[in-house]
1. Would you mind telling me which numbered condition in (1) of a type in the set (D, E, K, R); (2) surrounded by 10 or more Cβ atoms within 10 Å (Cβ to Cβ); (3) modelled with pLDDT of 70 or more LYS54 fails?
2. Looking at this structure, is LYS11 modelled with pLDDT of 75 or more and open to solvent by 90 Å² or more (accessible area, probe 1.4 Å)?
3. If you check every pair at least six apart or on different chains, which have Cβ atoms under 9 Å apart with a residue in region 21-49 that is assigned to a helix (DSSP H, G or I) first and a residue that is open to solvent by 70 Å² or more (accessible area, probe 1.4 Å) and not hydrophobic (A, V, I, L, M, F, W, C) second?
Amino acid sequence: MPLFQEGACTKLDEDILDIPLDDPDANAAAAKIQASFRGHMTRKKIKGGERDRKSKDPECASSTRVGDLRNGD
């Protein structure tokens, strides 16, 4: 006997289905969640790229430059 039956809704599924999709507050909350996740993934991708570049380019790995180029330092 299977633990879950096909086609059976769980309590969580029912709760998710009860969310009004036209609610402006729900849409705003969803947009914030999605934006923060996209930012997280972008920062993770950029950070991984910096590690790869530094390990492959000995000049970058041994650089003594201190400062942020975005600020003109």
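1. Just one mismatch for LYS54, condition (3).
2. Details: modelled with pLDDT of 75 or more: no; open to solvent by 90 Å² or more (accessible area, probe 1.4 Å): yes.
When the stated conditions are applied, LYS11 does not pass them.
3. Within 9 Å, no pair qualifies.
The values are calculated or read from the model by the stated rules, or taken from the named source; none is laboratory data. From a predicted model like this one, the values you see are computed outputs, not experimental measurements. So basically every Cβ, Gly included, is an ideal-geometry build from the backbone, and we count neighbours across all protein chains shown. Protein only, heavy atoms only, side chains kept; ligands, DNA and RNA dropped before computing areas. Shrake-Rupley method; radii C 1.70, N 1.55, O 1.52, S 1.80 Å.
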